[in-house]
Amino acid sequence: MKIAIGCDPNAQAAKEEVIAYIAKKGYGEVTDFGSEDPIYANVAIAVGEAVAAKKYDRGILICGTGIGVSIAANKVPGAYAALVSDVYSAQRARLSNDANIMCMGAFTTGNKERELFVDAFLTNEFVPGCASQPKVDAFHKYDEEHSK
């Protein structure tokens with residue numbers, strides 16, 4: 001699995017911990033999109049574009065709360081960023097919503113929580129034809145119609 005990751009300057013330590021955890025678990029190849037830019041929208045959009053273009057299988061974004069990076073990434077057609085605050089939402093981001101980017105808060109979650117979120121997000125897959133399929137199809141269709 002190819003994973004794109006980025007954050008704002010405040011989340012640098014959290015991002016490094018997540019990268020180390022992904023390596024330890026052997027989840028895949030991680031590309032760091034940086035953390036130096038204080039305008040977190042820039043890194044969030046870059047990760048969103050890379051994931052939407054299918055250069056990466058998944059993306060992970062971190063800022064103070066995860067809210068800002070999720071808003072910014074979701075501006076990119078084909079980027080489906082889910083802000084997670086618990087393991088269940090990280091699982092459902094994949095299982096029910098086919099999210100391709102997970103957003104987390106460095107100030108609102110601890111390292112062990114983030115590890116559990118990573119496990120849930122990277123080990124679950126959307127099930128085509130499931131009860132959520134029509135909902136996912138609706139936002140994919142909207143992107144297709146409005147990104148031309």
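Answer with yes or no whether residue 93 is crowded, with 16+ Cβ neighbours inside 10 Å, of a type outside the set (Ser, Thr, Tyr) and in a strand (DSSP E or B). Outline the logic, then answer.
Numbers: crowded, with 16+ Cβ neighbours inside 10 Å: yes; of a type outside the set (Ser, Thr, Tyr): yes; in a strand (DSSP E or B): no.
So residue 93 does not fit the description; no.
Which ones in region 45-79 are part of a helix (DSSP H, G or I) and either touching a Phe, Trp or Tyr at 6+ places or on another chain (Cβ under 9 Å) or farther than 21 Å from residue 109 by Cα (or both)?
Of the residues in region 45-79, the ones part of a helix (DSSP H, G or I) are 45-52, 67-73.
45, 46, 47, 48, 49, 50, 51, 52, 68, 69, 72, 73 - these are the residues of region 45-79 that are part of a helix (DSSP H, G or I) and either touching a Phe, Trp or Tyr at 6+ places or on another chain (Cβ under 9 Å) or farther than 21 Å from residue 109 by Cα (or both).
Just wondering, is there one or more residues in region 40-50 that are over 18 Å from residue 75 (Cα atoms) and touching a helix residue (DSSP H, G or I) at 6+ places or on another chain (Cβ under 8 Å)?
In the first step, residues of region 40-50 are kept if they are over 18 Å from residue 75 (Cα atoms); the result is none.
No, region 40-50 has no match at all.
Restricting to region 1-44, and then to whatever is of a type in the set (Ser, Thr, Tyr) and under 14 Å from residue 104 (Cβ atoms), can you tell me which residue is surrounded by the most Cβ atoms within 10 Å (Cβ to Cβ)?
In the first step, residues of region 1-44 are kept if they are of a type in the set (Ser, Thr, Tyr); the result is 21, 27, 31, 35, 40.
Narrowing the set further to residues that are under 14 Å from residue 104 (Cβ atoms) leaves 21, 35, 40.
Values: 21: 16, 35: 22, 40: 24.
Looking at residues that are of a type in the set (Ser, Thr, Tyr) and under 14 Å from residue 104 (Cβ atoms), I get 40.
Does residue 137 qualify as being surrounded by fewer than 22 Cβ atoms within 10 Å (Cβ to Cβ), in contact with a helix residue (DSSP H, G or I) (Cβ under 7 Å, 6 or more places away or on another chain), without any contact (Cβ under 8 Å) to a residue 60 or more places away in the chain and not aliphatic (A, V, I, L, M)?
Numbers: surrounded by fewer than 22 Cβ atoms within 10 Å (Cβ to Cβ): yes; in contact with a helix residue (DSSP H, G or I) (Cβ under 7 Å, 6 or more places away or on another chain): no; without any contact (Cβ under 8 Å) to a residue 60 or more places away in the chain: yes; not aliphatic (A, V, I, L, M): yes.
Considered against the rule, which asks whether it is surrounded by fewer than 22 Cβ atoms within 10 Å (Cβ to Cβ), in contact with a helix residue (DSSP H, G or I) (Cβ under 7 Å, 6 or more places away or on another chain), without any contact (Cβ under 8 Å) to a residue 60 or more places away in the chain and not aliphatic (A, V, I, L, M), residue 137 comes out as no.
The numbers here are math on the coordinates, done by the rules we state, and not lab data. All values derive from a computational prediction rather than experimental measurement. Positions of Cβ are backbone-derived with ideal geometry, glycine not excepted, and every protein chain shown enters the neighbour counts.
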